[in-house]
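Student: Okay, handing you the structure first.
The values are calculated or read from the model by the stated rules, or taken from the named source; none is laboratory data. Just so it is clear, the model here is predicted, and its values are computed rather than measured. Don't worry about glycine lacking a Cβ; one is built from the backbone with ideal geometry, like all the others, and counts go over all protein chains shown. These area figures cover heavy atoms from the full protein model, side chains too; ligands, DNA and RNA do not enter into them. Shrake-Rupley method; radii C 1.70, N 1.55, O 1.52, S 1.80 Å.
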Amino acid sequence: MKLTARVPATSANLGPGFDCFGLALNLWNEVSLDTDAEPGVVWEGEGADELPSDGTDMVSMAMLHAARVGGGILPGLALHGVNRIPLERGLGSSAAACVAGISLADRILDLGLEPEDVLDLAIEIEGHPDNAAAAIAGGFTLAFGDGVIRLDPHPDLRPVAYVPTDIRLPTGEARAALPQLVSLRDAVHNAGHAAATVVALTSEPGLLTQTLGDRLHQEARLSLVPSVSAVFDQIRAAGVPVCLSGAGPTLLAFELDGVSMPDPGRGWRILRLDVAGRGIEIVEG
């Protein structure tokens, strides 16, 4: 059997939607498997020289987890990944690998998983639903504990990812920097801004300059990467809506008519990415 999984990059949180909001982006990883080929793991693209090839990578481990939970046994197989999503930059590379592995195991073992089952397994591995939900469903997703709502983003959204080339921020380190308690005022601020951001992303993109404010996670995470924080301030001062993408260090901005996008100079990649309207897909052959 030959299968290929295509799964999009994702941006989580989107300012006030901490551990809830996810947006799928048109930047895709591909993972192919072949049960008739010599077993092994080969990587191309982002992280190819550092990802493990001994079966301890996220795709392989997610496949094993899904098989174990589903009561199946994986056959020997060759795994070939083409990575376009930068690693440890806040663009959902881990969730993409996790969702790809679970979905490939589901198909090869005929586990009969529904999208919500794939998400549950991904949460067991990832610990939070935001990136995985968007990687599965595409579009704009809201994970709220009892389920996931998928919404169609406004067609005029123009996401721009500012990706630092030499700075990484592992999710665990970024999460460890967060306070365990927040004030009622800050909680209310985020609740209101999160609700307004849903409206902005789906029907009134011009509101994004007002709605992306956060008091739960961004300040603490930006303090870990001062050079990123300086670019964040530069983009916001130019009148461009901007937030941390996931745990960072990538910044996600939204291009507006008549507003110039700041150039942060050397050490940054600027990726203009459409919203991905669909999530993971598996094709045979």
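Student: Need pairs with beta-carbon distance below 6 Å; first residue within 18 Å of residue 246 (Cα to Cα) and modelled with pLDDT under 95 and within the range 177-192, second loosely packed, with under 11 Cβ neighbours inside 10 Å and of a type in the set (Lys, Arg); sequence gap 6+ or separate chains.
Tutor: Here the result reads none, with nothing in the range 177-192 linked to a residue that is loosely packed, with under 11 Cβ neighbours inside 10 Å and of a type in the set (Lys, Arg).
Student: For the range 271-285, how many residues meet the condition of being farther than 22 Å from residue 140 by Cβ and either of a type in the set (Val, Ile, Thr) or open to solvent by less than 40 Å² (accessible area, probe 1.4 Å) (or both)?
Tutor: 2
Student: How many residues does the range 27-86 hold that are of a type in the set (A, V, I, L, M), closer than 15 Å to residue 4 by Cα and in contact (Cβ under 8 Å) with a residue 40 or more places away in the chain?
Tutor: Going through the range 27-86 one residue at a time, the tally reaches 10.
Student: Another question about this same structure. Counting just the residues of the range 194-206 that are in a helix (DSSP H, G or I) and open to solvent by 50 Å² or more (accessible area, probe 1.4 Å), which one comes out farthest from residue 151 (Cα to Cα)?
Tutor: Residue satisfying both the conditions and the ranking: 206.
Student: Those residues that are assigned to a loop (DSSP other than H, G, I, E, B) and acidic (Asp, Glu), I need them from the range 247-285; list them, please.
Tutor: 255, 257, 263, 274 - these are the residues of the range 247-285 that are assigned to a loop (DSSP other than H, G, I, E, B) and acidic (Asp, Glu).
Student: Scan the range 62-98 for residues that are in contact with a strand residue (DSSP E or B) (Cβ under 7 Å, 6 or more places away or on another chain), open to solvent by less than 10 Å² (accessible area, probe 1.4 Å) and within 15 Å of residue 32 (Cβ to Cβ) and report the count.
Tutor: Of the residues in that region, 3 qualify.
Student: If I go through the range 25-82 residue by residue, how many of them are in contact with a helix residue (DSSP H, G or I) (Cβ under 8 Å, 6 or more places away or on another chain), farther than 21 Å from residue 107 by Cβ and not in a loop (DSSP other than H, G, I, E, B)?
Tutor: Summing the residues that are in contact with a helix residue (DSSP H, G or I) (Cβ under 8 Å, 6 or more places away or on another chain), farther than 21 Å from residue 107 by Cβ and not in a loop (DSSP other than H, G, I, E, B) in the range 25-82 gives 0.
Student: Taking the conditions exactly as written (open to solvent by 60 Å² or more (accessible area, probe 1.4 Å), farther than 30 Å from residue 110 by Cβ and either at pLDDT 95 or above or not in a loop (DSSP other than H, G, I, E, B) (or both)), does residue 221 satisfy them or not?
Tutor: The answer is no for residue 221.
Student: Here is a list: 125, 167, 102, 136. Which entry is within 20 Å of residue 28 (Cα to Cα), touching a residue at least 24 places away in the same chain (Cβ under 8 Å) and either of a type outside the set (A, V, I, L, M) or open to solvent by 20 Å² or more (accessible area, probe 1.4 Å) (or both)?
Tutor: Residue meeting the stated conditions: 136.
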